[in-house]
Amino acid sequence: MFFYVQRKPYFCITISYIIILNFRNMAYIISEDCIACGTCIDECPVGAISEGDIYAIDPDMCTDCGTCADVCPTEAIHPVA
């Protein structure tokens, strides 16, 4: 969609695109099926996973590579829908 202000074209980004960009940060979550085995921590290239009874993924550090989900033996890591 273009708007003409002072006879210059300006491109308008749709609101839905902005919303997608704002919520993209949380790419993966770890469910209660986590057995805290440590496999995902060793595989995460940016160190976005922290230890605990159930591990957690830092949404600001996660790059959405999916490596953690690929190596999880209990399939406890899922992309956010």
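Using 0.36 nm per residue and subtracting the Cα-Cα separation, the extra length available between Val71 and Ile29 on full extension is 13.7 nm.
One decimal place: the segment Thr63-Cys37 gains 7.2 nm when fully extended, by the rule 0.36 nm per residue minus the C-alpha distance.
Every read-out reported here was derived from the displayed coordinates using simple, explicitly stated rules and does not represent laboratory data. Just so it is clear, the structure is predicted and the values come from calculations on it, not from any experiment.
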